[in-house]
Structures are given as structure tokens and as C-alpha cells.
């Protein structure tokens, strides 16, 4: 197609060509073209086939409200080609096509629509039952529009940006620009979001007069220039607003230009106030075959010519209901389009100047007429026009039908911000009842179309936004409002819902192929609210969501049900524009904490797992049974990085009271230099944490928690002491301190070499706590623990010194062949000792007594003061609880798998951890079982997954399984 | 005529001044209970009062996943029966509930998760429910889009494969049950709000609604996320329930990509493809109680990050709609099904959290038996309210729960 050139309104650069591949051919477009306009310029009229009926679909509007022009571009499905700027080398494919897009083999389905009334799938295909699985497969294949390959790999860079602003203006049309300029004058930070590649909104292409000798497009460019040159306005073009949340959190995505560092990026703005100036889109005109290629909306036809230099057809009929239709007809006629006639729904209320200009050009205008049917299989060839009551008809041949019932405000941003909207009889718009705090609307979406009124409303909104955040007072707002009130107000809108048709092929929703007839069927079947009709007929649930049917559906339902109440809008939900997951994901975070020893653990052969918030070394060889690691600790000496333990300083005059409240033990008896193992319970007496408590001085304690609880501990203390007004403080030292566990019979020999203290068994006995230095420099907090059942020191070291201490220990232990051990080795070592790990030997419902840890509980403390004590008393004699027991397999050949059930005719418990012990040669473990099975000697039947009813036999045995007297850890 | 267009639930009924049973809440549990009261017990003098329209709440907002691979022996049989009922109800109601028996795949991302899966699988197999542990490679064979490489946030160790599960068209269940109820004479009163429940001498006496007063000896509250509030405000009974907004979303519709329901605990995320072709995904709950049903900027982003990791091809797909619903969470993630305690004639069916859809048919069946016979069926006994005061949590969730100011 030949392009019209040399307009001031053109957005294409005809000196720069761009090529795309479509159906094996290379097609040319220009820089500034969208994929859709480039295809249109190359004579492509059918862009896709519709979901259900495989009807041909073409260019209908230019803002991507429907899936008509969604295509696969470079392997990405459902790309809105109207909104996607053409880049060189794009590969474009039509969607939902069987055969070719021009000759679709499934097109015959269009004739079978009588088989597929509203909700037909609920009433069919289930009798006999065997039909359904077959039918379902067919449905699945037929459903869906785009295709993504399972091994698709995204190309490009996806980024994210988080901003704050004083005023965020959504929509870069005249009203939005005025609001931005007004707000910016006071010096505040303003952000403007504009979805198109350029500012200007609907003035960008219109030649109508702004003022004498100044067309609208010139004024739009003038404003855009001012906005772009204002240093405190940041303009985001090609940026679609997608979400609005509490306290004016606005989300959007921006498409990068060719020289941007990102392909697309997620934009999140926390703005003090917001101005919404998103204008209007056209309300589709509903008549027979209203989505036939060749039928398009007014702005689409107008912009094709004015922005892209494309005359949309040869000979056109207009069927419109507003002055913009007249304006476009006039302008397109002057550009060379033949116009057979203009049917205007309105009987009166036309702009006299426009009518005169049309008459001057001998373009017939039929008042009170509307398009009733478009003819032609793949492209409009003829139009039937009818009077509004349908009694008189006329047929007019044409290849373009410009159709539009009226306008509908783009209320989405307001609705997402919890604005209730209501139908307004005068404008025919859904207008906000009350705007949310610090959010204002301006421009065409308020129902005004007069250029000065638009600008004035932008100015008012800008001032209101400033007043809302306390930058100016309200006097300026009142003055501006007064001025604006003198300008033309809200237009009367066209209310026509459908042309006089039965509606078999009159589509209210293009994406889902929902017709007026379908809506009637649904209403007759009892679905009388738009929201339910939407669910039953799918109208408005397709790729373009409510873009096409959003306004017409409530209008039609209200009319058809003759409901006394006003039309009820359907829900609008984020994202307002379908948004790539790649864009939402942005930079793709992968955040875990690393211990201070991460690098050396890795170098030492550690195999890591992401556990909770940490990355931890679980194994140090590919033998996941960890035989060498375990035996090295039992017989020699090993090192474990336990830095993930929660570590806290709790201090202040009431610190002890807090400990007494949270821990089950009596902490008043703590002695300096000794450690105390204890546990914390919740209000059900269930154990939520266990760890060590150390008294370091008067009113000064150091406690450890399990790794998983570290993040919750401070809040846990605060919550349970919140009414007491106690004086104590907590410092979370989890990241400030690292922990090295050195265990094994040779542990002392190694540690002795670097510690500046006597660590002999007499000087530093089991369960002791000492503070000393290493090499006269590094402060170490050392405790003698027995978790793994051997002589063991736990060294708490400032994180920055961790690597040094570790390296010194490694060097000192070299003569013994000291080795790393990991979490799994520790898991087995402690299991052999019958020591629990919370979450492994316990679950949510397991209380302190169930775990056999009742000895920790000091009953003499006032019960009500200890969290969980009341529950423990109440549950103490309850026979219906699980107990933790030691088990040994009848056959020591192997241990049952963790998680295996203990059963008889019912489930009686399960195996928490079980291993074949390398140390003792026995297959042993711990299990939670019903209390009547918990006596030593009880026989247990074990039911594993995939056991084919062959049960393993075990019996309850006393714990620990290794070194029952605990001699080895006390060495 | 092939198709008729008569109202599925007949003409709008007039509110009578008395009913044998009044059900507050026209969601799945209320409709199912009414249906089985009529079908199994001949009790048709039943009114369902629904403040909005049937299926407004969780019934129309859940992501329609059904399965019977719960953790404990109390739950598995109930959900198994519910699962078995989908084809039966389809036939009985003569309404295609569109049960897609595609099977569920629960991804496991750690050794600990594999242990948990083993226990769940053993429990399922012990109760005759099919469920298997498979490794990452097998999972990839079933779901080619899966990323089983080591370099993602939570590498996949294996999966629990549960063939009997799948997806059911949730709206169809609402409409089908409503159709079944209406056909048997149950009155469904939409846009009718219950405003008070009356008792006399420790027994139920009646219900006041926005459309008038009803005398009745039996009331069931099955108002989903609003149950705990209704029961507290109207009867002064405080239930251990926290109500939280839970979000779900769909991508634009695609040709078949996922043939199973796939979920991941570590990523807090599930994904399945609806019959319409959308990838439905969700799982996140707000960390504090609220009734807003509002979506959050954080969550849709989180979901995209998670899916980008384990289903990376979805990076080339677009989200088109996100919505929120309510989950009424009990401390042990198991529901409260109770009757005649502490008020005679008062029944409650609540606390389902996000399991209300998959259980509705079986729960309705047994609640109907409970209401009709006034005796609690064995199946429902473990779900009594008193278990909480005895500190006997059910164990449906294994994870240690932090009781915070919020629950």
C-alpha cells in the first residue's frame, strides 16, 4: 500500500525501513510502525481466527483491547501487535489457525453455532460418562489461542525499577500533561506514565481546532515539548499502568526502546498522590458481523491515516454515535477516502460546524440510522443500514465500515484503587461515586470533550494533587475549579446498546466469541447479574479481558432484564494490560544467606542445600549415607559449620522475667559458666524451639535458637511480654556471630593448640561455658555440648574472625586428619544419641511431654506465667497423644525409610528418623507413636510407601542407642 | 429442542415464615448439604439464604484443584469420597462438572520434603488411594516444561504423583448443585442476608434475614470465610479461625502445555491449565488476617519469580487476571464440623482454609446426615470443635506453627 507522507502527525519514518517475516515472506514496514500497521500496510486484513468459531478477525482498534490482532511474535504468544513497535527481523505468526489464516479448515464451525449456545458444555458431553474424557481432549485442543513451547527460553533483558514520586500522572494526553505541568510548577517530583510511544493522547492525530489556527495535534506537541523539557517531570513512555494498590502504589511495565538496557521492565511507584487521566476508548457498536475484517473503530481508521500514513480502505460507510465520528469522516475524506455515507445514531445534538462541512463535501449523513449487518465472508463488501427501530433498511457496498457506538472511560486505574463507579444517565459513562484519597481524575474520562475543558480539568487535578499532599492550599484549587466550571461540561452520550438485530452473529465479546444471543440465553437460564453472566458465557474473560465487552455487557443486561436498577459494572482486576511473567519477575532474585565459611565449605567439597533462609553444606561427599564423615567424628575429630543457629543477647533488669515466661525451665537457677538446655512452647504446649541459655553476667544472657526460629524470636518475646512493661532488650546476633562445632575424641587436642585457656576436662567440664581468646586476639565463646554424643566444643566467634579460626583449627587438626562433616552426618550422629531436631522428631501438634522432654519443665514456676504450661498440665494425663520412642528393627539389615507409617488396622504413628547405624551396626530410629504403643518392648508394624502390604517389624527400645551413659561426651 | 433456556433453579421462591432447616451461605458446602438433605433424608423444606449470589465467595474464587492426598488418616477418607463423587454428581445432577482427572504432581525440593512425601504417600496407599513418589527425571517426563536443573532457587528432588486428582470446573459445581437443590424443592434465596440467629432455651429458634423472619429448629452456618464472623456476631461463639486473603491468578489462554496439576511447597506455588487453556496459579496467603480480598503488587511479582524458576517457559506468557478470596484457617489446617454443641440445632461447617472446594461434596453429604439424624457420623467426629480446648491438634499440617498476634 502506498503511504500518505509528509504530515506533521506521522509517527513513521519512511526513510528507515524495517522488515518482518510473515508466512514465509519478508514484508517491509517503517520505523515507528507497529507490527499491526506494518502488516496492514502490506495488505494483510485477516490477523487471526477467533477462539470458538474460527471467524476471520482483523484490525479493529489500535490499543490492543481484543485478541483480534494478538499474534505470535518471535515465539511469544498473544503479542498485541497493535501496541508492539516493529523491530527488524521479527517473525510473526497468526494464532488459532488450522490450515492458513485465509483458508481456515475449522471455519465451518461458524455455521454450527446453534450447537454451542451459552454454557453448552455444562449440558453436554457427560452422557454416557465415557464420552467426557474424549470430548475433554478435543476441548483442550480447541481452547486457548497462543502456543508456547515447553522449552521456550526467554530472550532479552528484563529489569525492574522502584520509584517514589510526589505526583504520578497516569496518561500522557492533554489533561495528564496539564496536570503534570501544573504540579511540576511547584517543584515537586512528577512522573507521567504513557502507554503509547509518544505523548498526546487523542489530540496527537486530530486536526480539529484547539484554537483558531491551531489544530489539536499542534497543541498536543506544544504541551509534550513543555513536559519533556521540565526537569522535575520524569516521563515513562511505552509504559502501561497495570495495578493500583493501597496508599497509591502504582505498578506498570515499560517496553524498552532499541537503545535501552532492558527489553521490558517492571515499574513500581509509591506516589504521594495520583492523577488518572486515561481518557476514553470506544464502545463497540453491536450488529450482525460487527467484527468482520473491514469493520473498525473511528480512532483506528483515523490513526491509521494520520499516524501511519495508511488510508484504511477505498470506500467507507460510517456508523457512529458521536462527533468524533463526524470529525474523522471529514478528515479521512479530505485525505482521499471515499465516504458513501455517515449513519449517525443520534437524531440531534451534532456539532453544526461538522455537519456543514460534511454537507459541503456532499457526504450524506443519516440521522437515527445504524449499521445492522456487515456482509462479506472474509472482508466487508456491503453494509445494511437500518433505522433504529429496524423498519427501514438500506444496503451500501463498501470495503470499510467505521463503527462506534460511543465512548467509555478507561476507569480501570480508579477501580483498582477501590473506587466505586456508577452509571451516569446523561453521559452514558460509568463515573466514580467518590474518588479515593489522594487520587484525582481528569480529562475526557470525566465526560468532558471540549479542549479547553479538558485542559482545565487537568489543571484542577494537578492542583488538587498538590493540595492533597500539603504543597499548596486549596484556594488555588477553588479558583481553578471556578474557571473550569464556566467551560462546557459533561457531554451527552449515545446510549444505544445494539442495532436492531436478533444477535446470532452480533458479538459482544470478540475474544470468547460471545454473542448477544448467548447473553440472552444465559439470562433466560437464571443468570441475571452481569458478573454471573460473565462466568457462564465467558464474555470478558478472554485474553483482552473486559476491553471489548466491559461497558456493553452491563448495558445490555440492564436493558434485556428490563431491570429497574441501573447497569451494574463487572469487576476489573489487575493487571489492566496482560503482562509478561518475565517482566513481573524482573531481575529474578535468588536470595539466600551464606555463612561466613561458605567459600571454604564449598572448597572443602560441601554439597549445599537451600534450607530456610540459608545455604548450608549437607554432605561432604557423594556418599549421602555419610559413612566416612560419621565415623571420623566417632573415632577422630570433625568440624561442622553451625553458624545458622539463632543467637541473641537478652539483657536488662527484667531479662530473667522474660526468660522465665518464654522458656519452660527455671532460669533463676542459671549459674555463670554453665550452659542450660531448654525449650520454648506455644500456648498448646507444643514445642516451638529448643536451645541453650547462658548467663554471662547480672541481667545479661546469651541464648541460641534453632536456625529456623531465629527470624521469629524477637517478635515471639515481644508478643508474650507486651503488656508487662518490662525493661529488657534483645539483640539478634545471628549474623554477627558464627559457630564452629568441633567434635570427636581428638577435639580437645586440636582446640588446645590454638586456645589461650586451659580447656582440660577439669578446667572446662561438660556443660561448661567459657570465654577465652585465640592467639590473644579473637574472642571466643565456647560451650561443651553433647549433641553428636562425642567430646565436643561449640565455638561462637565474631563472623569476621570465623574463617581465621576455622583455618587455624584445620591447620591444628592436620596431624589428626581432621575433616569437615555436614548436616546429614550430624543428623545421624545425634539420632544415635536420641537427641531431637524440632520439625524432624516433632510436628505442629507435638508437645514437650510427647517428646520426653518433660524434665525440662519446672512446675514450680507459676504456671500461668510460663507460655504453654497451662496446656501441658491439661494434656499431661491425656492418653490420646503421640509419644516419641526409640525403635529397633527386627532385622538389622536396613532401617525403614523416614516417614514410614506405624500401623495395625489404623495408622498409629510414623518413623521420624531411622538409619542403619555405622557405629553399632543396628537399624534404629525414632518414631512418634500412639501412647499405648510407647512402652519398651512394644511390637510395631511398619508400613512403607510402595511396600505392597509387606510390613516391616520393629520394637520399641530405650534410647539412646549409642553410649547410653554419656561417657564419651564427658571425656 | 436440543437446548432449552429455562432458569436452572426455577422461579425465584418466596421466603416462607418457617423452614425445617435454614442454611446460611449459598456456597458449595451449603448447596451440597441442602442437596443431600433432600436426596438422602427426604428433607426438602430447606432454605438457603445467600447475601450476594450463589458462588460469590470461595466457591467461585478457588482454583478448582481436587485431590485426596492429605496428611492424616482422618482426612484422607473424606477427601477420597469427595473425589469419587465428581462423576457420580455429574450424572445425578445431569450437569457436566467437567472433572479433568489429570492427576496431581507435588514437587519436593529437599530431603525433608521427600520424607514428608513418603509419609503422605504411605498414608494414601494404606487407605487405598493411589499416590507414588517419583524422581525429578520422571517428573520432567510427565511435565516437559519443568526445570529440573540444579541452579534454581529450590532444585527439584522428586515429586509426589497422585493420579486420582485433578481439576473440576468450580462454577459448574455451584450451578449443578443449585439446579439439583431447586429441583428437589429447596428454596435458594439470593440477595438475602441473614442478620440474626435466634435461640430459645439453648436451642435454635429462628433466623432473621433482610427479607423477613424465619422460624426454624435447625441452622447450618456454611458461609465460608465469613462463617467465623457470622457465628461470633450472631451467637457469640468464638472460633479458633483466622481469616486471610488468598490470591490466585491466570495467564492468557494457551494451547495445551500442562497436563497435570503441579504444585510446589517450597515455591509456595501451584500451576495447572484450565480447560479454557489458562494457566491458573496461586497459593499465597496474606501473612495477617483480613477480609479485604484485595490483591497485592508483591504477590503477582512473587508468583512470576517463582514460576520463572521452575516453569521457565512461562516467562513468555502473560498474566491477565488476579483475584483474591478468603481462607478461614484453623490452627491445624483441618475444618470444624460440629453440631448441637453448644447450641441445640446449631450446626457449623467451616474452617476449611483453602480446602473447601475439594471437600464440598463429601462434607455436604455427611453434614446432611448429621443434621437429619442429629448424630455426628463417624467420618466427621475427628473434626469436632472441642479438640482445640484439649490441645489435640489434628496434624494435618506438619510444620511448626508460630502463634503470633495474628492467630
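Bear in mind these aren't lab numbers, they're just calculated from the coordinates by the rules spelled out. Predicted model only: the values in this text are computed from it and were never measured. For neighbour counting, all protein chains shown are included, and Cβ atoms are generated from backbone atoms with ideal geometry for every residue, glycine included.
On full extension, the segment bounded by residue A:625 and residue A:114 gains 177.4 nm, given 0.36 nm per residue less the C-alpha separation. Which shape class, rounded, prolate or oblate, goes with chain B when its Cα gyration tensor gives a ≥ b ≥ c as root eigenvalues, a/c under 1.5 marks rounded, and past that a/b bigger than b/c marks prolate? Prolate shape, in that a/c is at least 1.5 and a/b is the bigger ratio. Placing a label point 7 Å from the Cα of residue A:360 along the Cα-to-Cβ direction, the residues of the range A:312-350 whose backbone N falls under 16 Å from that point are A:326-336. For the Cα atoms of chain B, what angle does the longest principal axis make with the long axis of helix B:297-310, in degrees from 0 to 90, nearest 10? Orientation of helix B:297-310: about 50 degrees from the principal axis. Using Cα atoms only, what is the angle between the long axis of helix A:298-308 and the major principal axis of chain A, expressed in degrees (0 to 90) to the nearest 10? The angle comes out at about 90 degrees. As a proxy for reagent exposure, ranking A:694, A:611, B:279, A:548 by other Cβ atoms within 10 Å from fewest up yields A:611, A:694, B:279, A:548.
Taking all pairs of distinct Cα atoms, average 1/r, flip it, and tell me the Kirkwood hydrodynamic radius of the range A:263-404 in Å to one decimal place. Present the calculation step by step, with values, prior to reporting the outcome.
Working: mean 1/r = 0.0623 Å⁻¹.
It works out to 16.0 Å.
Computed from the C-beta positions of residue A:803 and residue B:149 and an R0 of 30 Å, the FRET efficiency is 0.50 to the nearest 0.05.
Which stretch or stretches of the range A:33-54 have amide N atoms under 15 Å from the point lying 7 Å from residue A:258's Cα along the Cα→Cβ direction? Counting only backbone N, you get A:33-35. Helix A:131-142 and the longest principal axis of the Cα set of chain A meet at an angle near 70°.
Assuming R0 = 22 Å, what is the FRET efficiency of residue A:865 and residue A:671, from their Cβ-Cβ distance, to the nearest 0.05? With a Förster radius of 22 Å, E is 0.50. Projected label points at residue B:290 and residue A:234, each 7 Å from Cα along the beta carbon direction, are separated by 2.6 nanometres. For the range A:879-970, the relative contact order works out to 34 percent when only alpha carbon pairs closer than 8 Å and six or more residues apart are counted. For a paramagnetic label modelled on residue A:150 (point 7 Å from Cα along Cα→Cβ), amide N atoms under 17 Å away belong, within the range B:234-278, to B:254-263, B:271-274.
In nm, to one decimal, how far is the residue B:215 label point from the residue A:347 one, both placed 7 Å along Cα→Cβ? So the two model labels end up 5.7 nm from each other. Computed on chain A, with alpha-carbon pairs under 8 angstrom and 6+ residues apart, the relative contact order is 8 percent.
Between residue A:106 and residue B:92, what is the FRET efficiency for a Förster distance of 56 Å, r being their Cβ-Cβ separation, to the nearest 0.05? Present the calculation step by step, with values, prior to reporting the outcome.
Details: r = 34 Å, r/R0 = 0.61.
For R0 = 56 Å, the calculated efficiency reads 0.95.
Take the Cα of residue A:13, step 7 Å toward its Cβ, do the same at residue A:211, and the gap between the two points is 3.2 nm. Relative contact order for chain B: 23 percent, from Cα pairs under 8 Å spaced at least 6 residues apart, divided by residue count.
I'd like the Kirkwood hydrodynamic radius of the range A:879-970, using the inverse of the mean 1/r over distinct C-alpha pairs, in Å.
Values: mean 1/r = 0.0752 Å⁻¹.
13.3 Å is the Kirkwood radius here.
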